[in-house]
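What follows is one structure encoded as structure tokens, with my remarks underneath.
The values are calculated or read from the model by the stated rules, or taken from the named source; none is laboratory data. Bear in mind the structure is a predicted one, so any value in this text is a computation, not a measurement. Positions of Cβ are generated from backbone atoms using ideal geometry, with glycine treated the same way; all protein chains shown enter the neighbour counts. To get the accessible areas, we keep the full protein, side chains included, count just its heavy atoms, and leave off ligands, DNA and RNA. Shrake-Rupley method; radii C 1.70, N 1.55, O 1.52, S 1.80 Å.
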Amino acid sequence: MNSWINGRADSGVDYRDRGLNYGDGAFETMRVRRRAVRFLDYHLERLGDACRRLAITAPDPGRLRNELVRIAAHRPEAVMKLIVTRGIGARGYRPSGRERCTRVISLHPLSRKAMEEWPRAARVRMCAMRLGVNETLGGLKTLNRLESVLARAEWTDARVWEGLLRDSDDNIVCGTMSNFFMRRGSSLITPKLDRCGIAGVMRRWVLEQASLLKLRAREGRLRWEDLGYADEAFMTNAVVGIVPLTVIQHGRERVRLAERDTASALCGLLEMQ
């Protein structure tokens, strides 16, 4: 693994950085494929939106793009993580407005063996952990990920790939590291993320491709009871891509899914990216 902080290789992060102290920042996790970042424009647009909504002075877009392109060229296949914090500040929650953002880029090698171990289809479970509702932060990929950390600690069963998270009103929101889609007939539904959850880059791409598959895509509220009506369900993640679901478990209850036509078609489209 290699890392760069503010453009310098293997330098350190100041202990006063607000990202370290308060989770004051945002991040992107990107797939490097054929020495290029897949969906780079989408990632940069989402980061720019997060910086605007958090009132963080973003890195220079051109400079950041060039840096990511240059670093991605180091490896044919990799996972790249970009962290942008508000920067170094004095003690206390209130930012001064004079902070200069810190950018941290890390490049993690991705072996063929690791990619072969990604699930072709998966079992997921409903988590006990609930997501806090906050419309100001809904959809953002901020550095505050304790809910996902605690949710992921709920199971050790290697057969379970991912966990589904709900909000305080029992609405399904997303996975610990992914977004959720359910298809019934020609309708493709993904949870609304206006109150919590992360609006993934792959989620955006799937919503844009739906019409090519003659599907009516929409965002809506989904509960456990709705899953029993699904013909198909899958999860999306910027690194792994699209994973069809075979079983969704909730305590002793199970929803079993046999179809994966939409997920397979999307995987075929994704291969061309």
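Remark: pairs (first residue in the range 107-119, more than 20 Å from GLU28 (Cβ to Cβ); second residue open to solvent by less than 30 Å² (accessible area, probe 1.4 Å) and at pLDDT 90 or above; Cβ separation under 6 Å; 6+ apart in sequence or on different chains) = PRO119/VAL243.
Of the residues that make up the range 116-126, is at least one modelled with pLDDT of 95 or more, open to solvent by 70 Å² or more (accessible area, probe 1.4 Å), over 24 Å from VAL201 (Cβ atoms) and in contact with an Asp or Glu (Cβ under 9 Å, 6 or more places away or on another chain)? So far as the range 116-126 goes, no, none of its residues is modelled with pLDDT of 95 or more, open to solvent by 70 Å² or more (accessible area, probe 1.4 Å), over 24 Å from VAL201 (Cβ atoms) and in contact with an Asp or Glu (Cβ under 9 Å, 6 or more places away or on another chain).
Residues in the range 1-28 that are open to solvent by 20 Å² or more (accessible area, probe 1.4 Å), touching a residue at least 24 places away in the same chain (Cβ under 8 Å), part of a loop (DSSP other than H, G, I, E, B) and among the small types (Gly, Ala, Ser): GLY7 only. Exactly one residue out of ASP261, ASP231, ASP226 is under 25 Å from MET115 (Cβ atoms) and surrounded by fewer than 20 Cβ atoms within 10 Å (Cβ to Cβ), and it is ASP261. Residues being in a helix (DSSP H, G or I) and either in contact with a Phe, Trp or Tyr (Cβ under 6 Å, 6 or more places away or on another chain) or basic (Lys, Arg) (or both) are entirely absent from the range 240-249.
Scanning the range 70-106 for residues that are assigned to a strand (DSSP E or B), open to solvent by 30 Å² or more (accessible area, probe 1.4 Å) and free of Cβ contacts under 8 Å to residues at least 60 places away in the same chain returns GLU77, LYS81. Within the range 181-189, is there a residue that is of a type in the set (Val, Ile, Thr), open to solvent by less than 10 Å² (accessible area, probe 1.4 Å), within 19 Å of the chain's Cα centre (by Cα) and on the phi < 0 side of the Ramachandran plot? Among the residues of the range 181-189, not one is of a type in the set (Val, Ile, Thr), open to solvent by less than 10 Å² (accessible area, probe 1.4 Å), within 19 Å of the chain's Cα centre (by Cα) and on the phi < 0 side of the Ramachandran plot, which makes the answer no.
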